[in-house]
Amino acid sequence: MKTYLPQIERRILVRPNQTFGILNYDLDNAYPQRMLELVAGSPTAKDCWNKRAKFIAGNGFEEKDLGKQLVNSKGLTIAKLLKAAATDKALFTGFGIHVNYNANYKISSVNYVKFEDIRMGDTDSPDTIGKFALYNDWGRKTWKNIMRSKIIFLDKYNPDPEAVQQQVDAAGGWENYKGQLYYFNPEIDDYPLIEADSVWEDFETEAGIKVFNNREVTTGFLPSTMLFMQSRREEADNSRPDEAEQTFTNQPSQLEKDLGEFQGAKSAQKIIVIEYEDESQKPEFKPYTIQNNDKLFETTERSVEARIIKGFSVPKELINTEKTSGLSNGSEKKEAIREFNDNTAADRSELAEVFAEIFDRFHVDINSSGNWNIVPVPTTVADDNAGVRAGASINQLLLSDLPATNKIAILTYAYGFKKPEAEEMVSAEISN
């Protein structure tokens, strides 16, 4: 008996790019840039990314004054470097830190490098193997073409004095030496996927729902309609003095202008007048039925949101907390914080190890204790939740001697409960 296992297509393809001396980060060499755009268009994905970054950075280092230490001449502090590295690690699972040395082979300056700007050097080329290429527009968002002259190549992090000296000699002296790149990458000689790569299609779906809702509003929620007519009231005049140069430009007819102005959220009460000479020229509007998009999109939106949250491994109690009950005592959120602290403990430990590795070789002693531990987010933040404070007030209201009608009115207008919910809450309290 033969067993057939279907092949699963790889999420990214890594190919040598001899033109730029790099390994492409997917076929278009723009995987990180595409993921950033998708996350930016998805409110849930953006929220999950921010939550992961916050928990990975925690409350800073245990050494209170450590975060204020400067690490380069541009004013970068250790606290800012931690936040930047944690933000990249939360999405890309990796980060980059640029270091440079002085003549004593001590690290003299440290800089943050955006993870999406980093590409690995072509391993088949002796000139780029063991190096990393930095460029700020791999996705060609600003410029149409990548300028080879602006790509900066840095050596892989290696603090060994002999290795540093060899790199300095190859660069033509200390004045030409560009330093090294500490490239934290959970993969071995490969590019990493983003944290929630398995659900990136849901980012796009949620962004599409947002665009659909916007179009519904801008068209005044008008039903889909077909217009049948024999001839237009006024033909468009598309003749232009420069039409030979701009043949692609068309001018709308007066009817098209009127119909366009008739649509939109601000045009709901307008009246459009269409003139016709006889019955044969009378325009006919015929609506056609389509699926109930409201219900369909509502269901899709909920399922998409749930998958995105799961993809980022964020407890759902930490996302959209306004949907939680006002009567909550915060215990669910505290447990979620503990769970997420455990989930991100390895990330904080890895960051602490990297910072210890780099700054123990710094040209000045900025952490004499050698303690680089990062403080997790405290569970006490759940006690400051607005829902907890509101819950206490609602409990007092339900236990008060006010008439039931007054309680229902306060719950409805002051706290935003729906009337059936308020009535059920009051009746449940009375029965107790």
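The values are calculated or read from the model by the stated rules, or taken from the named source; none is laboratory data. Because the structure is predicted, anything quoted here is derived from the model rather than measured. For neighbour counting, all protein chains shown are included, and Cβ atoms are generated from backbone atoms with ideal geometry for every residue, glycine included.
Among the residues of the stretch 114-130, count how many are surrounded by fewer than 21 Cβ atoms within 10 Å (Cβ to Cβ) and either assigned to a strand (DSSP E or B) or among the aliphatic types (A, V, I, L, M) (or both).
Final tally of qualifying residues: 1.
Taking the stretch 345-387 on its own, how many of its residues are crowded, with 18+ Cβ neighbours inside 10 Å, modelled with pLDDT under 95 and among the β-branched types (Val, Ile, Thr)?
Final tally of qualifying residues: 1.
Please specify each residue of the stretch 30-59 satisfying the condition of being in contact (Cβ under 8 Å) with a residue 60 or more places away in the chain, of a type in the set (A, V, I, L, M, F, W, C) and within 17 Å of PRO315 (Cβ to Cβ). If you could, list the steps in order and put the result at the bottom.
Filtering the stretch 30-59 for residues in contact (Cβ under 8 Å) with a residue 60 or more places away in the chain gives 30-36, 38-39, 41-45, 47-49, 51-52, 54-59.
Cutting the leftovers down to of a type in the set (A, V, I, L, M, F, W, C) gives us 30, 35-36, 38-39, 45, 48-49, 55-57.
Scanning the stretch 30-59 gives ALA45, CYS48, TRP49, PHE55, ILE56.
Working only within the stretch 144-160, note down all residues that are closer than 17 Å to VAL354 by Cα and of a type in the set (Phe, Trp, Tyr).
We begin by selecting, within the stretch 144-160, every residue closer than 17 Å to VAL354 by Cα; these are 156-160.
Correct list: TYR157 only.
Of the conditions (1) surrounded by 12 or more Cβ atoms within 10 Å (Cβ to Cβ); (2) aromatic (Phe, Trp, Tyr); (3) outside any strand (DSSP E or B), TRP143 fails just one. Which one is it?
(1)
Going residue by residue through the stretch 146-160, is there one that turns out to be more than 23 Å from ASN72 (Cα to Cα), touching a residue at least 40 places away in the same chain (Cβ under 8 Å) and surrounded by 12 or more Cβ atoms within 10 Å (Cβ to Cβ)?
Yes; the residues of the stretch 146-160 include at least one that is more than 23 Å from ASN72 (Cα to Cα), touching a residue at least 40 places away in the same chain (Cβ under 8 Å) and surrounded by 12 or more Cβ atoms within 10 Å (Cβ to Cβ).
Can you go through GLU116, GLU37 and tell me which one is of a type in the set (D, E, K, R) and modelled with pLDDT under 95? Step through it out loud before you land on a result.
On the way: GLU116 fails: modelled with pLDDT under 95.
On inspection, the qualifying residue turns out to be GLU37.
Of VAL364, VAL377, which residue is aliphatic (A, V, I, L, M) and within 25 Å of the chain's Cα centre (by Cα)?
Values: VAL364 fails: within 25 Å of the chain's Cα centre (by Cα).
Testing whether each residue is aliphatic (A, V, I, L, M) and within 25 Å of the chain's Cα centre (by Cα) leaves just VAL377.
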